[in-house]
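What follows is a set of notes on a single structure, which appears directly below.
Just so it is clear, none of the values below were taken in a lab; they were calculated from the coordinates. Every value quoted in this text rests on a predicted model; they were computed, and no experiment measured them. Here the Cβ positions follow ideal geometry from the backbone for every residue, glycine too, while neighbour counts run over all protein chains shown.
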Ligand SMILES: NC(=O)c1ccc[n+]([C@@H]2O[C@H](COP(=O)([O-])OP(=O)(O)OC[C@H]3O[C@@H](n4cnc5c(N)ncnc54)[C@H](OP(=O)(O)O)[C@@H]3O)[C@@H](O)[C@H]2O)c1
């Protein structure tokens, strides 16, 4: 199959590109910066320069393509690339794909977007889901919770570097999924017509609270020093969101804060993965667990630190 991936340089997108190529498909990627995307070319993808904020060359990019996968996301929304502009780009991408007669469109949404339609990031995802369903194209919608890879920057690195770990709001529990596992579902979706025209949750199998994650990282790091944790109350997060809305240049971070509030609300973010696994013929036991993921990460990092002759401070204090 000829597959176009939009968002191929991202955390999830790069794993999809790698897996789809490994499964024997031809991949082209729409990228904003060819130099930063060079690694995708080295893996066998063909690069097309383009931007969701300006899709003039879309007909050319879609020529000969059978399936489109989009994982594009504006993150916190910087430099004119906002959740609204990326959403508008995805909207044009869906319209263009329909016009070009694309056989399958795979869209990356967000877990529970239907429960929080008034939170901008989630409402926009829900609108795109509706547009795609009404387009008449075959589709698959994936709704990820959060990615295991994000735990590294949020918890593992600060604990390894003995810096502060920030915990937002109430301790929400999240079932994180590995982007490698998620990529497997995207690639399978290309050749499994029985999963088409459906929406699937992408979740890990176990819920983790921030304190449990800090405890696990502390155990695996095995440093003499107790991790430093600073808790940001939900009220402060709400205040920051309101304050950001006053200023044009921070308006888009206000939308991001609003999304963070959902994540930090104390509500659990995890789905039963059995229906998704059954539909795709993937064993639940094949999904990466937090212990496996962090265990491998800390083993690798501690080996590197040993090679560098790094010596942690001797006293176990909270300071
Ligand atoms: N991260 C999570 O925990 C999480 C949770 C639930 C759902 N999701 C969804 O999962 C998807 C993937 O998330 P991720 O964490 O892998 O995202 P990511 O790492 O931030 O990657 C975003 C990708 O979108 C591309 N992009 C951004 N603006 C673009 C534009 N104007 N035109 C073309 N490409 C553009 C980026 O390209 P550049 O390299 O050029 O910046 C990058 O490849 C997103 O749709 C997100 O909403 C993520």
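For the residues 29, 277, 113, what sequence is obtained by ranking on other C-beta atoms within 10 Å, fewest first? Numbers along the way, then the final one.
Details: 29 28, 277 19, 113 22.
With the sparsest Cβ surroundings first, the list reads 277, 113, 29.
Considering region 112-180 at the alpha-carbon level, its Rg and Dmax are found to be 16.4, 52 Å. Structure remark: mean-square fluctuation, Gaussian network model of the chain, C-alpha springs under 10 Å; the largest value among 34, 184, 128 belongs to 34. If R0 is taken as 45 Å, the Cβ-Cβ distance between residue 229 and residue 98 corresponds to a FRET efficiency of 0.40.
Here the scattering of region 1-99 is modelled by Debye summation over its C-alpha atoms, one equal scatterer each and no solvent; at q = 0.17, 0.24 Å⁻¹ the log10 of I(q)/I(0) is -0.70, -1.37.
Can you pull a Stokes-Einstein diffusion coefficient for region 150-232 at 25 °C (0.890 mPa s), Rh from Kirkwood over Cα pairs, as a whole number of µm²/s?
On the way: Rh = 14.9 Å.
Value of D from the Cα-based Kirkwood radius: 165 µm²/s.
Mind checking which of 135, 235, 73 has the largest fluctuation in a GNM of the chain, springs on alpha carbons under 10 Å? Judging by the Gaussian network model, the answer is 235.
Normalised by residue count, region 14-170 yields a Cα convex hull volume of 148 Å³ per residue. Treating each Cα of the chain as an identical point scatterer and summing with the Debye formula, the log10 of I(q)/I(0) at q = 0.07, 0.13 Å⁻¹ comes to -0.30, -1.04. Comparing 296, 258, 206 in a Gaussian network model of the chain, where Cα atoms under 10 Å apart are tied by springs, the biggest mean-square fluctuation is seen for 296. Among 288, 82, sorting on how many other beta-carbon atoms sit within 10 Å of each Cβ, with the fewest leading, yields 288, 82. By the count of neighbouring beta-carbon atoms within 10 Å, fewest first, 190, 305 end up ordered 305, 190.
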